[in-house]
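The structure's right below; bear with me while I get my questions together.
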Amino acid sequence: MNRLSHEDSPPPPWYRQFWPWFLIALPASVVVASMFTIWLATRSPNPMVVDDYAKIARSIELRRERDLAAAALGVAAEIRLVPAAGLVEVRLVPESVQPESLQLRLSHPLVAERDRIVDLVKVPGGWSGQLPALEGRWYVQLYPGDAGWRLAGELAGESSLRLTPPEAP
């Protein structure tokens, strides 16, 4: 009798063995992870990366000029949020500073799509505008329609904020 033992049987084909598939899976998983990373990077580019430094420098210089103009006028603002009514109320000090129009810009520190600009309307005793409830931290800028001056500050969950111009050097 000529019986083949287990040792004499031919090995199964390569595609039925574990190790070739394991060795193929390692680089294949890296390719899949790379494709996912490329998709993620192109879907949400980083808005913090900029390449026009001259434009940024001019923008910073312009902000500084507006801050100095606010300091020269001696203007300050009291901002009060009324979340239940969806309102924001602004009172300028001194009352002699009364621009034609006033805008409130709220910038989210991380997500630019959440930024808001509120056009304020003159009401007895100050200015008012519609503003949905805010959560978290926000950068606040208040400026007239002609953008001649600017007040800036930061809002972090409180319902009132006082904006004053920075100290002149």
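The values are calculated or read from the model by the stated rules, or taken from the named source; none is laboratory data. No experiment lies behind these values; they were computed from the predicted model shown. We place every Cβ from the backbone using ideal geometry, glycine too, and count neighbours over all the protein chains shown.
Does residue 128 qualify as being under 17 Å from residue 159 (Cβ atoms) and surrounded by 12 or more Cβ atoms within 10 Å (Cβ to Cβ)?
yes
Hey, among 150, 114, which residue is of a type in the set (D, E, K, R), touching a residue at least 12 places away in the same chain (Cβ under 8 Å) and at negative phi?
Result: 150 is the single residue among 150, 114 that is of a type in the set (D, E, K, R), touching a residue at least 12 places away in the same chain (Cβ under 8 Å) and at negative phi.
Given the residues 85, 57, which is the only one that is within 30 Å of residue 142 (Cα to Cα), in a loop (DSSP other than H, G, I, E, B), modelled with pLDDT under 85 and aliphatic (A, V, I, L, M)?
Every option except 85 fails the conditions.
Something else about it: Quick one: how many residues across region 156-169 are in contact (Cβ under 8 Å) with a residue 60 or more places away in the chain and either in a strand (DSSP E or B) or in contact with a helix residue (DSSP H, G or I) (Cβ under 7 Å, 6 or more places away or on another chain) (or both)?
The qualifying residues number 7.
For every residue, the table says whether it meets (1) of a type in the set (Lys, Arg); (2) in contact with a Ser or Thr (Cβ under 7 Å, 6 or more places away or on another chain); (3) surrounded by 11 or more Cβ atoms within 10 Å (Cβ to Cβ); (4) not assigned by TED's automatic domain parsing to the domain that holds residue 158.
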site	(1), (2), (3), (4)
15	no, no, no, yes
26	no, no, no, yes
30	no, no, no, yes
52	no, no, no, yes
59	no, no, yes, yes
76	no, yes, yes, no
80	yes, yes, yes, no
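Moving on. If I filter region 82-91 down to residues being aliphatic (A, V, I, L, M) and closer than 14 Å to residue 134 by Cα, which single residue comes out as surrounded by the most Cβ atoms within 10 Å (Cβ to Cβ)?
The selected residue is 88.
Scan region 63-88 and report the pairs whose first residue is on the phi > 0 side of the Ramachandran plot and whose second residue is crowded, with 18+ Cβ neighbours inside 10 Å and outside any strand (DSSP E or B), with Cβ atoms within less than 9 Å and a gap of 6+ or a chain change.
Filtered contacts from region 63-88: 74/165; 86/131.
All but one of (1) farther than 29 Å from residue 145 by Cα; (2) modelled with pLDDT of 90 or more hold for residue 105; which doesn't?
(1)
Something else now. Looking at (1) part of a loop (DSSP other than H, G, I, E, B); (2) more than 19 Å from residue 70 (Cβ to Cβ); (3) of a type in the set (Phe, Trp, Tyr), which one does residue 149 not meet, given that it meets all the others?
Tallying (1) part of a loop (DSSP other than H, G, I, E, B); (2) more than 19 Å from residue 70 (Cβ to Cβ); (3) of a type in the set (Phe, Trp, Tyr), residue 149 fails exactly one: (2).
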